[in-house]
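Step one of this worksheet: look at the structure below.
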Amino acid sequence: MARFAGFTDEKGNFEGQYFAFMSDATSIVVGSLLGTSPVTAFIESSTGIREGGRTGITALTVAGYFFMALFFTPLLASIPAWAVGPPLILVGVLMMRSVVEIDWEDMKQAIPAFVTMILMPLTYSIAYGLIGGIGTYIVLNIWDWGIEILQHFGYITKTTKETTNTHHNNSHSSQVNGVLENQHSSQNPNGKPIKLEVL
């Protein structure tokens, strides 16, 4: 929500984020203990921000309208499910805006994000999609952590990108030297190959 409001810096941080996250986490815990739906900030809340809301007064105003809507529950229940389709499409568009911010070169970020996006429509549940994505993220990091431990104790050999590139360059240099030697051997009248070093 802070990003939609323009309060975040280049790293995604904003002033007072600790208390914002703590209040959100506390609300979720208390809500689950009381048997209510998750008490948290949803992507739908960004609609109020897009209309100019920047303070807590916006949330209090919306809460007041929700309270008044309790007296019209029978009327609201008569609205067919397909009538809420357009708002849900808008919510999906807002959620897809964050896809461009995923680092697809980092598999530990790309795979959990992909699993989350796939599971949501397949399971008809946002919660199952989040569970799958978070679970995949945990498994990948545990796997990475286990590999580092095995490398530390010498059970497996650590292969770095630099070592791989050096081996590839040496192989390529040897192949080029061999080709040049064959060419110059056929052109040298003395029959002695001329070896050229490729740097």
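The values are calculated or read from the model by the stated rules, or taken from the named source; none is laboratory data. Because the structure is predicted, anything quoted here is derived from the model rather than measured. Backbone-built Cβ (ideal geometry, glycine too); neighbour counts: all protein chains shown.
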Checking residue 32 against (1) surrounded by 12 or more Cβ atoms within 10 Å (Cβ to Cβ); (2) more than 24 Å from residue 95 (Cα to Cα); (3) touching a helix residue (DSSP H, G or I) at 6+ places or on another chain (Cβ under 9 Å), which single condition isn't satisfied? (3)
Considering only helices (runs of 4 or more DSSP H) wholly within segment 44-150, the ones with at least 1 residues that are exposed (fewer than 11 other Cβ atoms within 10 Å of the Cβ), among the small types (Gly, Ala, Ser) and modelled with pLDDT under 85 are 56-69, 73-77, 85-96
